[in-house]
Amino acid sequence: MTQGARELERPLGRKAPSGRAGSRLAVSGRSLLVGFAALCVVAASAAIALRDAPFRNPAASASSTPEITGAPAPESAPEVAKAEPAAKPAARSGGPSIIHVDPADAGKGSGVIIISDPSAVGQDLRVAHLPDRALIEESEMGPLPIRAADGRRPVDVYARPWSGTRGARVAIVIGGLGLSQTGTQEAISRLPAEVTLAFAPQGNSIGRWMQAGRQKGHEILMQAPLEPFDYPNVNPGRNTLTVDASAEENIDNLHWTLSRTTNYTGIMNYMGARFVADPTAMSPVMAELGRRGLLYLDDGSTARSVAPELAMKNGVPFASGDGIIDVEQDRGAILKKLDQLEATARAKGFALGSGSAFDVTVEAVTSWVAEAKKRGIEIVPVSAVAIDPEKG
């Protein structure tokens with residue numbers, strides 16, 4: 001097209017823009033459009049953010065890790081730690097569950113919903129060394145375990161969590177803790193956390209050792225000295241419960257044992273072949289354990305024990321040992337006993353063995369547990385194999 005033709009087609013009163021100027025105008029127009037669109041997006045986002053929608057409500061936010069409100073353990077722990085109540089145990093039923101924070105925390109602004117694994121039964125291990133004050137009855141002898149006003153029991157609250165599955169399970173209890181300071185320290189530091197520890201009431205610094213054991217993850221029992229045959233020539237120690245003593249005397253001696261520390265799930269017999277075979281002597285003891293929400297472990301050393309029947313009658317969670325693993329203090333013999341526990345567990349689902357905190361026992365158990373896990377054996381606390389009349 002000629003220059004003259006282009007001039008004729010141009011609107012009146014306007015000059016023809018140069019090619020470069022027209023390009024700049026086109027780019028400038030597009031930039032304005034993009035900027036305007038961006039402002040619209042920002043405005044819309046701000047409006048959404050300021051809406052009081054349900055998904056913006058902080059009370060509905062979720063966390064997979066519960067907030068720990070208990071005080072940290074003191075550097076020099078007293079015999080009984082003073083602390084706020086510990087975490088509640090999770091439910092046993094299968095499938096995921098949502099557990100709301102205790103109503104007592106309402107108004108504190110947390111509003112957290114804790115999602116937990118229902119198979120993890122027992123106390124949160126991060127606060128396991130802190131006693132739940134609702135589970136303590138103060139007495140002249142010291143703190144005694146008791147059911148909480150809401151029905152919670154020490155056997156549930158202080159239980160070590162486990163998987164909740166029904167594979168082959170082995171529970172191992174190592175007793176005599178607290179008698180030797182060096183031996184106790186070695187046992188707590190070396191034994192796998194799944195192994196249950198039992199403390200002798202005559203031991204020293206039991207409160208401190210309890211805290212160390214619970215911080216490591218161990219479930220705890222107290223050993224109650226019970227009358228054996230040939231007593232007093234064979235003597236379990238002071239405050240022994242005897243057949244000839246009155247029920248009141250035996251309960252007083254039981255309370256002395258129970259008051260030595262806190263955060264344990266129950267008691268096990270120390271000796272006591274004569275006492276556990278006498279229903280008149282055992283009945284008041286089992287009734288007291290049931291009232292306080294504690295389990296009873298019979299080490300299985302005598303077939304004449306009346307503990308199973310009395311435990312069922314008084315609602316006491318009960319476990320019976322399948323054998324003592326270190327009657328012969330030899331590593332090979334101990335490993336053989338542990339292998340027998342494994343065979344029993346594969347046959348009936350679970351097995352329970354007990355021993356003492358000898359160096360050879362601690363070493364053998366530590367080695368065997370590591371290998372047994374590789375073979376599919378789950379090492380569980382005593383509470384995981386106890387028969388609980390209250391739960392059917």
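At-a-glance table
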{"item": "Residue among ARG291, ARG260 that alone is within 14 Å of LEU221 (Cα to Cα), at pLDDT 95 or above and charged (D, E, K, R)", "result": "ARG260"}
{"item": "Qualifying positions in region 211-235 - in contact with a strand residue (DSSP E or B) (Cβ under 6 Å, 6 or more places away or on another chain), part of a loop (DSSP other than H, G, I, E, B) and surrounded by 24 or more Cβ atoms within 10 Å (Cβ to Cβ)", "result": "HIS218, GLU219"}
{"item": "Failed criterion for LEU294 (all others in (1) surrounded by 21 or more Cβ atoms within 10 Å (Cβ to Cβ); (2) farther than 18 Å from VAL382 by Cα; (3) in contact with a Lys or Arg (Cβ under 9 Å, 6 or more places away or on another chain); (4) of a type in the set (A, V, I, L, M, F, W, C) hold)", "result": "(2)"}
{"item": "Any hit, region 183-194, residues being surrounded by 24 or more Cβ atoms within 10 Å (Cβ to Cβ), part of a helix (DSSP H, G or I) and touching a residue at least 40 places away in the same chain (Cβ under 8 Å)", "result": "yes"}
{"item": "Residue in region 162-179 that is part of a strand (DSSP E or B), at positive phi, over 21 Å from the mean Cα position of the chain (by Cα) and in contact (Cβ under 8 Å) with a residue 12 or more places away in the chain present", "result": "yes"}
{"item": "Yes/no for THR302 being touching a helix residue (DSSP H, G or I) at 6+ places or on another chain (Cβ under 8 Å), of a type in the set (Ser, Thr, Tyr) and at pLDDT below 95", "result": "yes"}
{"item": "Conditions (1) in contact with a Pro (Cβ under 7 Å, 6 or more places away or on another chain); (2) β-branched (Val, Ile, Thr); (3) under 24 Å from LEU254 (Cα atoms); number of the one not met by THR366", "result": "(3)"}
{"item": "Candidates ARG238, ARG260 - the one that is of a type outside the set (Phe, Trp, Tyr) and closer than 26 Å to ALA159 by Cα", "result": "ARG260"}
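The values are calculated or read from the model by the stated rules, or taken from the named source; none is laboratory data. As the structure is a prediction and not an experimental result, all values here were calculated from the model. Ideal geometry is used to build each Cβ from the backbone, glycine not excepted, and the neighbour counts take in all protein chains shown.
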